Structure formats: C-alpha cells, structure tokens
4 protein chains.
Amino acid sequence: MDPNYRLIISCPDQVGIVAAVSDFIAKHQGWITEAHQFADPESQWFFMRYVVRADSLPFGIEEFKARFAPIAERFAMHWEINDTAVRKRVVLMASKQAHCLSDILYRWRSGELLFDIPCVISNHDDLRGYVAWHGIPYHHFPVDLPDKREHFAAVSAQIAASNADAVVLARYMQILPPDMCEAHPGRIINIHHSFLPSFVGAKPYHQAAERGVKLVGATCHYVTSELDAGPIIEQDVARVNHHNSADDMVRLGKDVEKTVLARGLRYHLEDRVLVHGNKTIVFA
Amino acid sequence: MDPNYRLIISCPDQVGIVAAVSDFIAKHQGWITEAHQFADPESQWFFMRYVVRADSLPFGIEEFKARFAPIAERFAMHWEINDTAVRKRVVLMASKQAHCLSDILYRWRSGELLFDIPCVISNHDDLRGYVAWHGIPYHHFPVDLPDKREHFAAVSAQIAASNADAVVLARYMQILPPDMCEAHPGRIINIHHSFLPSFVGAKPYHQAAERGVKLVGATCHYVTSELDAGPIIEQDVARVNHHNSADDMVRLGKDVEKTVLARGLRYHLEDRVLVHGNKTIVFA
Amino acid sequence: MDPNYRLIISCPDQVGIVAAVSDFIAKHQGWITEAHQFADPESQWFFMRYVVRADSLPFGIEEFKARFAPIAERFAMHWEINDTAVRKRVVLMASKQAHCLSDILYRWRSGELLFDIPCVISNHDDLRGYVAWHGIPYHHFPVDLPDKREHFAAVSAQIAASNADAVVLARYMQILPPDMCEAHPGRIINIHHSFLPSFVGAKPYHQAAERGVKLVGATCHYVTSELDAGPIIEQDVARVNHHNSADDMVRLGKDVEKTVLARGLRYHLEDRVLVHGNKTIVFA
Amino acid sequence: MDPNYRLIISCPDQVGIVAAVSDFIAKHQGWITEAHQFADPESQWFFMRYVVRADSLPFGIEEFKARFAPIAERFAMHWEINDTAVRKRVVLMASKQAHCLSDILYRWRSGELLFDIPCVISNHDDLRGYVAWHGIPYHHFPVDLPDKREHFAAVSAQIAASNADAVVLARYMQILPPDMCEAHPGRIINIHHSFLPSFVGAKPYHQAAERGVKLVGATCHYVTSELDAGPIIEQDVARVNHHNSADDMVRLGKDVEKTVLARGLRYHLEDRVLVHGNKTIVFA
C-alpha cells in the first residue's frame, strides 16, 4: 500500500469548506484517492475525510500541517492528518474469554488489520501463553484488591507507558472508572451484547430467552463515563429461536461480538469514525 | 391445498407423550405431513404441532376430539385441533398509516395468506376508501372522546360482533386497556419498532439517530396488559447510517415492520406459535 | 422538502475536479446539503453527486447549466443536473403477479416515493381494476400474437407517448427485445430472483430446493441487451430451510423482490445510481 | 453435558414410523431431550433426529442397536446412533490462508466445539508453528509433484491412519480427485465463496466487483465428485458497495467463510445434517 495522508475534519457547516480544502490540495497537485463528506442538517455540522497520496504532494506531513493551519482556523475546524505509514498503537485488554482477542490477533498477525500491539493487559493470567506465542508482552493486573483503584492505576500507567493511540476492551468485563474514560475520549473501544428490546439487570441472555427473542446482537462503541452509552461505531445481529438455550445465545452472541468488534476496530484504525456529541459519522 | 388437521399441544414434559400421540394417529392410519416437537429444559414443558391429512383419517374432527380427549387428559395437555378448511377470522385495526394494512391486504387478496377479514376498525376515516375497494366493511370509531373507554367499548363490541379469532394491530397507535388485552390472550397481534439498545420516552427514532445507531428493527408480539412486553413472535432489523435522518429511519423501519408483521401473522394463522408464560415457541 | 438541484457527474479522474466544482458552487453561495464522491482506482474514473439548495443560488437551473458548461467541458464530464421540484415520470410494467406493483403503488400514493406514473402497461388485464382505483391509466397489450414484435412496438409507442423518464419492470415476465433495451440505457429497471449459486434453466426455485439452498435472493438491475446481466443496483436475500417447499421459496423470494425493487427505484429516483460500463456506483 | 444418544433416521415415508420409534423409546423409559422430524413431500422420504438421555435407558448403546434393529429393518431405515460421550475425529486441511483454520482452532481449544483433531494436513508448511502451539500434529504434503496423485495418495493414507470421522477443507485450495470424494460421502466438508449471481472462471471477486454486486457470500457443503455442487449445509452473505475493491470483497468474504464453516461444522458434529440425494435436511 502506497503511503497516504488521511485528512479528517469536522467543523460548523458553511459555504466554501469543500472548495477551500479541495482547492488547497489541488493547487499542490494532491491526488485524492478517497473522499467522504457529510453535512448534518440536525447539528449544522460538517464532516469530511480525504485520503491523499503522499507522493503526489511536494511536501511532507509537517509542512502540510503548517500550510493548512490557516484554512483550518478560518473554518474553526477540529482536524487531524495521519500518515498511513505510521501504524497506530493499540493496547488490547481482555479477561478470560478469548473469542474477541483471538479474532483480533489473527487479523493482526495475518496483516489483515495494520496496527501495532504494544501489549495485552488482563485481570487474569489465563491468556498469557497464547499471547506470548505471538511475541506480545502480557501484563496481568489482578482486580481482586481491597481497592480497585490500585488495579486501574496500574492499567492506566501501563497504557501511558505503552504510548498507546487506542485501547480495545476485548471483553475485559470490568467497568472503567469515569476519570479513565474521560482521559481517553474516542480512544477506548468496547464491545457488548445487545438485544431488541434491551434487558437491564443480570443475566440478560436468560431474560432474552425467557422473552423468546428472535435476534441477539452486539454493539461496538466508544467508552464514555456513562456506562455502555457512548457513540456507536458498529452493530449487528444473529437469529436465534426457541431451540437455543441461554447458553446457545451466549455462543451465538460471541460470533456477532467478535465480527462487530473487528469491523469497529478497522473503522477506527482507518480514521473512518468521526464523533460529534454522542453521534458517530462512520465513513465506511 | 388438501384439508389438513393441525394438532397443537403443550403440556408438562414426561416420557411417552410422543408415543401416545403418534400411536393414536398411526393406528387410525393418519398421515402426518408436518411434525414439530420441542421439550423446553428450562420450564420442563413439552410442545408439539402435528399436521395430519384429513382424508387419511376414518373420522372427522369432532370424533377426533372425542377419541383424543382421554390422551389429552392423561398428560394434562393444553391442546387444540384446527381444520385448515376453516379460515380464521381476523379483525384488522389501523390508524392513518397504511404500510402494514396495505401489505396485509395484498397478501389477503392475492391468496398468499389464507384468512377472512370480517372488518377493518380504525380511529380515523382516512383508509375507508382503500379498504372499501376490497369489499371489506370499515368501522370508524373516533378516539377523541371525553372518555376513551367509550371508544374501546365500541371496538370490543365490534370485535365480538365480528366473531373474530384474532385481532391485528396494524399500527393502530392506541394503547389497549388492560381488560381488553386480558380478554384475548395470545389473540391480539401487535407490531412496533425496536432498537439496540431500546430508547424509552418520546421520539425514539430521533434518539436513535442522535446516538448513531446502525440498525433499526421491528418486533411482532402478542399483546398483554404489560405494554409492548408480550411474547415475541418475530423480529428483524434493517441497516441505517449517518446519512439517514430520523425520518429516513422511520421509513426504513416501516419496511421492517410490515415484513415482520406479515411473517408473524402467517405463523399465527398456521398455528405455528405456541405461548408458554412470556416465551414463544415458533415452529417456523 | 425545499427544492434542490442534484448535480451528477462522472469523468476521467484527475487532480482538481472537486476543487473546480466546489469552487463554482461556493463562489455563487451554493449551499451543499449532500455530497458524495468516488474515485474508482480500477477504471481511473471519477464520480460525484452534489445536492445544492436551489434557493441558495442567485440563478435558476438553466443558467446553472450555461455557467457550468465550461467546467464540464474542461474535465470531459458526463453530467446532468436535476431539479427535485420536477418529478420523474415512470411507466410501470407488470404481468399477473401484483406483489411488486402493489408495493410500489403504496409507496407512490403514500408519498413515500415521489414520482409520477403516466400509466401501467401489462400483457394481461388482471390488474386493471386495482390500478384504475388509483386513477392511473392502464394499457393492456396482449403478447400472444403471431409476431411478438407487434406487442413490443405497441409498448414502445406507449412509453414514448408517456414521455417517460424511466420504466420499471415490476415482474413483467417478458424478455425485452435488444433494440428496446438499447434505446433506454440505464432507464429500464428490472427485478429478478437470485440464488447462491445461481441455477440456470427452468424452475430455478425447484432446483434450489433440490440442492438444499439456505438463502434465496433478488437482484434489481438496469436492463441491457444481455439478459439479466445489466448493472446491479441493489440485492438482498432471505433465509430458507428444508421445511420450505419450492412454493414457499417463491413466496419468500417475492418479499425480497418487492423490497429490493423499492430500494432500487428510490436510488434511481433520487439520482443516486451512476453507471460506468457494467458497474454501478450507488451513493446510498 | 450429560451423555446423550443421538438417533438419526432416514427412510421412505409411511404411517407409523414415529409411533414405532417413540413407542420403543418410551417403553424403555427413554427421556427425549431433542426431537426433529421432517417428511419431504417431494421425495416422499422421512427424516428424524432424536436425542435421548443415556442414563434414562436401562441399557447401553450396543444393546440399543440390537433391540432397535428389527424396527429399523421393518421401515427400511438408514440409521445410526451416536454417543455424545464419544467425540468425532476431524482432520483439518488447509493451505496458506489461516482465517478458517484459526477460527476452528479457537472454537476447539475453547471447548465451544467438542471434537478431536488427530492432525492438520497442508500442502504448505506455513501454518506449522501455529498448529504446533496447539499440540496438534502437522503434516506437510507438497503438491508440486510431477504426479499430483502422489500427493492425494499421501493425504488419503494420513486420513485413514488418523481414523478420521470427517475431514474439513478449511480453504485447502486443491480439488480432490473424484475417487477420494466418493470414498467419504457426507464426510468431507468444504467452504467456498458464493455470489448472486455466481461468476464462473478465474478471479470471481474481480468479476463481482466489475458487475457491481452488493452481496458476497459463502457456502458450506459436503464434497462430491462434482466440483462445488455437493449438498449445501449452510450459507450466508455480507454487504459490499462500490467503495469495496476486489481485495476488500475477498476480506469481507473471508469473514463470511469462517462463520459459515464454523456453523456447518457444528451441525455436522452434532449430527444435525441429514443428506438425501443432493438435498440436506439441517435440524438446526
């Protein structure tokens, strides 16, 4: 894959944004290979994602940033530009269940998903051997402590030490403290089961089975301080029927979880997810 | 279609049920064309649906009932046997939106779904002309009354006068009073939108759009006195994305609603839905 | 809905297209409410669809065309601009089966789909009454003639007389002659069943049932002189199982057909489908 | 999981089959936990699958076989009874791509799928390390030989030496010789991509992209001597659009392939797939 720059912009909508951006790129002979735009009539906010071939431009990413800054300022843009040659660093967090972790590690080692894994963090030691085979550091931080804050302090320190761009909760099964969520807005990706309708309280799959639901699903979202209420990146469902016990639904739900998480992670790695308030614009 | 008898049974699970039923049918040379059974390990309850060719038996449905009664008694069965030559009578109730009603009327007049429609009941007069073209009586009972109970009294009287086997709420948009729900257990079919997660309160589609959901769905269920919490017959979803406004989601939701309602109605008409507590066994 | 202009462009890809187009619109204070672009790396061809609020521009559509022409010429664009206030005229063609026709007519009369229906053409008289109720002219051109060319001559004449922008084959069940297909490139929309794998020859549903397929589908495509091989607009599938007879599969297939055709028609009416060779770019 | 016996029967349909089988089980106090039956009106053939709790019967599986034999003979049954305590032995065959193999190995080591893997056979050495980590023997039989028959002779010998109940072609990418297919009817499971419509010849994904297909799928089937035309066990699809290159479609197809293969393998391991001619009855 030739190196590309991904230019991600969100700003208040007004006349001339596309003209200004595309003119800037065109006058420097920039070759746009992907372009997505969206003007949200509700929020009157504008979003765009351009992918430009790095070798088509007469300058590097730093000079791009310097030259583009005035345009960004004029339109009050929230913006970033990323070099696809620089892989994102993603810390994976898991517990005992390996369905999501195994699926992500396959996509990583097969080169299907391009990113670096500085380490895997878990509150159990069960998956150490499997992770170790991949040559990835494994950190076991027990959670059964008098004060859970010690656990999350250790986790946060490790994430910081890993110089991570993002964190994936691959069925980590622990609720992150609000301050940790707020410290990484749009950077912590979670996957959890979903139902129509949703079932609150314990053993949701058993409630779903008792209600005779015909679909079980999964939602991949960014973590916010409000539990499981963050911006949704991707969702999908699988059919179930009365022959499926609650355990069957858990199993079928796992397949949806790992597929949806993998899609959500890909969108994040490719800078396809823009967040505005609690809404996501996913340029899939 | 040759006339068939549909034998529907649910009872506490124990050894010998299938043997007793199938032996009874076999010794009278009954030809079984469809057979579904399910033993629910949770509730320890047993469910079965047999379809027997009427002309393969030496007697009619009344004698079948008389001869089968002792077996039913021995196993404490809840049971019924229906003659496919006798069409169910289904009252359709609608409001102003016609997407579900039009779809059901097409399936009725094309013979795709076999049932009788004694009348359509609505709290508005908008759909009279369309229903009248089909030669179906249309009853308009206004709901803007000092006391809504008058409305529901008129509706209940009409349903009774129609000698209806079932009622379909094809987007009727009114909450039935508990006593009316309890008067027709497993006989009133409703369709409503569903989301993952579900959104409580007003304008759910707008909430869903604000949250950036990627799926909108619909649930077809039997009405109980607990609002939208009855046994689920069928569900499905459609994909949406950030380009879809709340209005788009409503439109896409309508397509799911009419498809899911049509499937649910078919299952009901063909005696494929067995209810136990709040769970459905759907022998689809 | 406020009147909008839809600008549809396809041309050889090169630097500066978006800049030129967006600059033209911006300098006239044009408000872009929707924007889609796609550069196909395979064909090196560029596609875009802009929706601009008519009242944001200082001139009407004719002056827009005149002023934009030089840009179009510079980039060798195939282009058109449509006023959403001007409804497309779509002739519907059907045979005896009404599932697609009924669904489209519902969406038309409910205002879900905005277009005009100059007439319905059929090779049978069966659906006259239903169409007539909608106040739409119904033309019955029998097909059992010594020379089928007479039939198609009459059909073509009616389409011409109807001043139609598009034709929808809503299960018309007749193969159009090549010259008629070539006379309306990207203007005749067809729906047909599809399978994985596909089954050639007669009674495909029976072949599918014999093979034990688990999915039946439908494909909406533009008609070309090569039978059922035109550019694909939309597709979907429904699950089937061994309980489903070939007739059941036909019925389930019908539900997919009407849903997929309705989606395809919507994309066409909203100028969302761009065709390049045998490939479609659908800005859904 | 308590040990169960799975009784699988197919025979010409006639009155009394269910009565005879269920009476036999009932009179020995057999507890039926799962029951599926299907009478195919097309072929006039009958299929059933009963799961009976082993500890509810007064005798073991051998005596069951001896006592049941007369009933089987009376109805000319093709039948088998399997003890769930005895795991099936499944040889996995792969090439260089690991998406299906990795997914199956996860389900195996996590205990989600209960079976034994005597060995993995490949025509390349690439996956040796990964398989070895699981403690599973890995046999590399090169295929680039003057005579491919040598390769298949070695493969067949290894399968025989492995005392395998089944073989899974997890993207093995080689066409098995007819005699090898015929030696293991209903015992070799393959997964391959599928499209609507299907594309013959080389590079099907590129053809699909050129045609603008909106769905890519996968089919899991039993291998027969007719290439990719064996009885279908399971199928599914994933949506694609014009943004997806042929390579993207390959990637999205892989996700469908591994999910569909895993489902198909589960159905096979649980004796849920009955084959009659080229049709499958899947008691899912």
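The values are calculated or read from the model by the stated rules, or taken from the named source; none is laboratory data. Fair warning: this is a prediction, and the values are worked out from it, not measured in the lab. A quick note on method: Cβ atoms are made from the backbone with ideal geometry, for glycine too, and the neighbour counts reach across all protein chains shown. These area figures cover heavy atoms from the full protein model, side chains too; ligands, DNA and RNA do not enter into them. Shrake-Rupley method; radii C 1.70, N 1.55, O 1.52, S 1.80 Å.
Here is a list: C:H193, C:H184, C:H243. Which entry is open to solvent by 10 Å² or more (accessible area, probe 1.4 Å), within 30 Å of D:Q37 (Cα to Cα) and in contact with a helix residue (DSSP H, G or I) (Cβ under 9 Å, 6 or more places away or on another chain)?
C:H193 is the lone residue from the list that is open to solvent by 10 Å² or more (accessible area, probe 1.4 Å), within 30 Å of D:Q37 (Cα to Cα) and in contact with a helix residue (DSSP H, G or I) (Cβ under 9 Å, 6 or more places away or on another chain).
For the stretch C:32-40, the condition of being open to solvent by 40 Å² or more (accessible area, probe 1.4 Å) and within 14 Å of chain A (Cβ to nearest Cβ) holds for at least one residue.
Filtering A:K203, A:K148 for residues that are surrounded by fewer than 17 Cβ atoms within 10 Å (Cβ to Cβ), of a type outside the set (V, I, T) and touching a helix residue (DSSP H, G or I) at 6+ places or on another chain (Cβ under 9 Å) leaves a single hit, A:K203. Of the residues examined, C:D144 is one that is outside any helix (DSSP H, G or I), of a type in the set (D, E) and modelled with pLDDT under 95.
Among the residues making up the stretch A:19-30, those that are more than 15 Å from A:A69 (Cα to Cα) and surrounded by 19 or more Cβ atoms within 10 Å (Cβ to Cβ) are A:A19, A:A26, A:G30.
Yes or no, residue by residue, for (1) within 25 Å of the chain's Cα centre (by Cα); (2) among the acidic types (D, E); (3) more than 30 Å from B:G111 (Cβ to Cβ):
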residue	(1), (2), (3)
B:M173	yes, no, no
B:P178	yes, no, yes
B:H192	yes, no, no
B:L196	yes, no, yes
B:P204	yes, no, yes
B:A208	no, no, yes
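Every test in (1) open to solvent by 20 Å² or more (accessible area, probe 1.4 Å); (2) without any contact (Cβ under 8 Å) to a residue 40 or more places away in the chain is passed by C:V213 save one, and that test is (1). Residue count for the stretch D:84-114 under the criterion of being away from every other protein chain (no Cβ under 12 Å) and either modelled with pLDDT under 95 or more than 14 Å from the chain's Cα centre (by Cα) (or both): the result is 6. If you go through the stretch C:197-232 and keep only what is touching a Gly at 6+ places or on another chain (Cβ under 8 Å) and hydrophobic (A, V, I, L, M, F, W, C), you end up with C:L215, C:V216, C:A218, C:C220, C:V223, C:I232.
Taking (1) at pLDDT below 95; (2) at positive phi; (3) small (G, A, S) in turn, C:S43 satisfies each apart from (2). The criterion of being of a type in the set (D, E) and crowded, with 17+ Cβ neighbours inside 10 Å holds for C:D165. Give the residue, chosen from D:D236, D:D271, that is in contact with a Lys or Arg (Cβ under 6 Å, 6 or more places away or on another chain) and of a type in the set (D, E, K, R). After applying the criteria, what remains is D:D271.
In the set (1) surrounded by fewer than 23 Cβ atoms within 10 Å (Cβ to Cβ); (2) modelled with pLDDT under 95; (3) on the phi < 0 side of the Ramachandran plot; (4) in contact with a strand residue (DSSP E or B) (Cβ under 9 Å, 6 or more places away or on another chain), C:V275 fails one condition alone, (2). So, in the stretch C:1-16, of the ones that are of a type in the set (A, V, I, L, M, F, W, C) and modelled with pLDDT under 95, which residue ends up surrounded by the most Cβ atoms within 10 Å (Cβ to Cβ)? Filtering the stretch C:1-16 for residues that are of a type in the set (A, V, I, L, M, F, W, C) and modelled with pLDDT under 95, the one surrounded by the most Cβ atoms within 10 Å (Cβ to Cβ) comes out as C:V15.
Taken over the stretch C:245-261, the criterion of being at pLDDT below 95 and within 11 Å of chain D (Cβ to nearest Cβ) is satisfied by C:S245, C:A246, C:D247. Here D:W79 passes the criteria (1) closer than 30 Å to A:D247 by Cα; (2) in the same structural domain as D:V275 (by TED's automatic domain parsing) except the one numbered (2). Among residues of the stretch C:41-53 being outside any strand (DSSP E or B) and more than 8 Å from chain A (Cβ to nearest Cβ), the one that is least open to solvent (accessible area, probe 1.4 Å) is C:S43. Looking at the structure I just gave you, is A:F152 away from every other protein chain (no Cβ under 14 Å) and touching a residue at least 12 places away in the same chain (Cβ under 8 Å)? Judged against the criteria, A:F152 is a match.
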